[in-house]
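Below is one structure, written out as structure tokens, with a few remarks after it.
The values are calculated or read from the model by the stated rules, or taken from the named source; none is laboratory data. Everything numeric here is computed off the predicted structure, so don't read it as measured data. Cβ coordinates were reconstructed from backbone atoms using ideal geometry, including for glycine residues, and neighbour counts include every protein chain displayed. Only protein heavy atoms, including side chains, enter the accessible area calculation; ligands, DNA and RNA are left aside. Shrake-Rupley method; radii C 1.70, N 1.55, O 1.52, S 1.80 Å.
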Amino acid sequence: MSTSPAGLSRRGMLVLGALALTAVSCSQPDQIAQRVQPAKSSPSGGPVPDDAWKRLLTGNERFAQGEQIRPRQELSWRQAVAGKQQTPFACVLGCVDSRVTPEIVFDQGLGDLLTVRTAGEVLDDAVIGSIEYGVHHLNIPLVVVLGHSNCGAVQATIDVVKGEEKVHGEVSALVRAIEAAVLATPENDNEEEFLAACVDEQARRMAVELPERSEVVDAAILAGKTRVIAATYDLQSGKIKEL
Ligand SMILES: [Zn+2]
């Protein structure tokens, strides 16, 4: 079987291409088209990474202030996007924590975000493949690795590293994937500060590790088509900051 330079087999590329082309003819009402706020276009026609990030931060600001507009969630929009190819403008790799739902904390709607969630934003082949699908086939210009305050997965790893807790089943795989961030974080007697520093370190590490493990993402970054950002979300303030 022939293999593309990006490491995807021809069959794999075809499958991903078919996933991207779920087109069914559908007329889009003018008023809905006017509500779409696409990021500015790059010379290649796609949105620009920095504009995608600004759009996310603007939505998060609305959310943090309690002034969310919950865009693009009404019935007419749902029907409009159902029949055409999706065009999300950002990919968010976030934690599974139920309090950190990307579409809510960034105040976005249907079709805006490609989201992948694992405890502690841990990467594995399925996660990387999902992100590659977004970057390569949907031309997503921005990947945000989003950690968050009081992350239970990071806290559990700290407890295991300290010998204060044992984990069972496949949770141990998560702990192994977060352990390096905990070990690399300077010791701090203040447990709250240490957890926050470990959370930041984990998000940064996953943002670095993603292109290291993915030729597809790495090539998109080198071509200026995609940017990978590490960020954290504060449960209390609702604010997201770039690391
Ligand atoms: Zn978490």
* When segment 150-183 is examined, which residues are found to be open to solvent by 50 Å² or more (accessible area, probe 1.4 Å), touching an Asp or Glu at 6+ places or on another chain (Cβ under 8 Å) and in contact (Cβ under 8 Å) with a residue 12 or more places away in the chain? -> 161
* **Neighbours by Cβ (under 9 Å, 6+ apart or cross-chain): first from segment 113-126, closer than 21 Å to residue 156 by Cβ; second open to solvent by 60 Å² or more (accessible area, probe 1.4 Å) and within 14 Å of the ligand (Cβ to nearest atom)** => 117/96; 118/96; 119/96; 119/171; 120/96
* Quickly run through segment 146-187 and pick out the residues that are under 24 Å from residue 239 (Cβ atoms) and within 12 Å of the ligand (Cβ to nearest atom). => 146, 147, 148, 149, 150, 151, 152, 153, 154, 155, 178
* Counted residues, segment 201-223 - those being in contact (Cβ under 8 Å) with a residue 40 or more places away in the chain and open to solvent by less than 30 Å² (accessible area, probe 1.4 Å) -> 9
* Structure fact -> Filtering segment 118-133 for residues that are open to solvent by 30 Å² or more (accessible area, probe 1.4 Å) and at positive phi leaves a count of 0
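This table checks each residue for (1) within 16 Å of the ligand (Cβ to nearest atom); (2) farther than 17 Å from residue 229 by Cα.
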position	(1), (2)
77	no, yes
84	no, yes
90	no, no
94	yes, no
105	yes, no
113	no, no
116	yes, no
128	no, no
139	no, no
* Structure fact -> Of (1) in a helix (DSSP H, G or I); (2) without any contact (Cβ under 8 Å) to a residue 40 or more places away in the chain; (3) more than 21 Å from residue 55 (Cα to Cα), residue 78 fails just (3)
